[in-house]
């Protein structure tokens, strides 16, 4: 659970929405510490093969703003090669992963 200014955000809900964007191969949503609101929503995205990064970023932005509440929209977006996993092969949710 991510706490954004007292509002709760389920990472899995945001991930489901972001997966609707074209060119998203995989995604991980997690909380990043913020001195102003407690945490910010952050997302790591693995591009689908052959996808253009600029187009994927634009589509992720469009989908997020169209389907998520303001406090659920990722404020930080990174393109990564792979999504980190825990020893139990689950998505690592900590920001340091």
- Task: Name the shape class, rounded, prolate or oblate, that the alpha-carbon gyration tensor gives for the chain, where a ≥ b ≥ c are the square roots of its eigenvalues, rounded holds for a/c under 1.5, and otherwise prolate holds if a/b is larger than b/c and oblate otherwise.
- Result: oblate
- the chain - mean residue ellipticity at 222 nm from DSSP helices (-39,500 (n - 2.57) per run, n ≥ 4, rounded to 500): -7500 deg cm²/dmol
- Among 77, 18, rank each residue by its count of other Cβ atoms within 10 Å, from fewest to most, as a rough exposure measure. 77, 18
- Message: Relative to 2.2 N^0.38 Å, what does the C-alpha radius of gyration of the range 2-49 come to as a ratio? Two decimals please.
- Response: 1.24
- Note on the structure: Checked the range 47-87 with the C-alpha gyration tensor, a ≥ b ≥ c its square-rooted eigenvalues, rounded below a/c of 1.5, otherwise prolate if a/b is larger than b/c and oblate if not; verdict oblate
- Counting only DSSP beta bridges with both residues in the range 2-79, what percent are antiparallel, rounded to the nearest 5? 80
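Quick note: the coordinates plus some simple rules give every number you see, no bench work behind them. The shown structure was predicted, so the numbers you read here are calculated from the model rather than taken from an experiment. Every residue, glycine as well, gets a Cβ built from its backbone with ideal geometry; the counts of neighbours run over all protein chains shown.
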